[in-house]
Structures are given as structure tokens and as C-alpha cells.
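Chemist: Have a look at this one.
The values are calculated or read from the model by the stated rules, or taken from the named source; none is laboratory data. Just so you know, these numbers come straight off a predicted model, no measurement behind them. Cβ coordinates were reconstructed from backbone atoms using ideal geometry, including for glycine residues, and neighbour counts include every protein chain displayed.
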């Protein structure tokens, strides 16, 4: 098992997203992988990002995926 790193950010989303047809149940364990596609430091010391995420349940079944972008304050 690999060592997990946890990062906490205050991200202000520029867009909203809708979740449809998600098959989740009480007691499920959800693991999410996030790939940062774009990372830019702006002149006001804020960082803009765009990312892709993929989440699977404890059985390895994909239950959620999408993209998001925002600014890290």
C-alpha cells in the first residue's frame, strides 16, 4: 500500500457540475484520484488549477468522474 498524501485547499469553483446516475450506497468506501491538468500561479499570489477526477468504490467500480477548475486562495 502506498503512502497517501493529503492536501487541503480552499478552492473557489468557477463552474458547477451535476452528478447523475451515481450508484453509491451507505457504507461504501470511495477512493478518488485527481490529476491536475493545469496549474498557474497568478500575479496576485493565487493559483488557478484545472483538474480531472475519477472515483471508484471498494470493488473498483467507477462511480463518479469529471473535471473542475478553480482558484486556490
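Chemist: Counting only residues that are within 17 Å of residue 28 (Cβ to Cβ), under 10 Å from the mean Cα position of the chain (by Cα) and exposed (fewer than 15 other Cβ atoms within 10 Å of the Cβ), how many does segment 51-66 have?
Modeler: Qualifying residue count, segment 51-66: 3.
Chemist: Scan segment 23-41 residue by residue and report those that are loosely packed, with under 10 Cβ neighbours inside 10 Å and either modelled with pLDDT under 75 or assigned to a loop (DSSP other than H, G, I, E, B) (or both).
Modeler: 25, 26, 27, 29
Chemist: Please pick out the residue among 48, 69 that is touching a strand residue (DSSP E or B) at 6+ places or on another chain (Cβ under 8 Å), surrounded by 13 or more Cβ atoms within 10 Å (Cβ to Cβ) and in contact (Cβ under 8 Å) with a residue 40 or more places away in the chain.
Modeler: Values: 48 fails: in contact (Cβ under 8 Å) with a residue 40 or more places away in the chain.
None of the others qualify; the one that does is 69.
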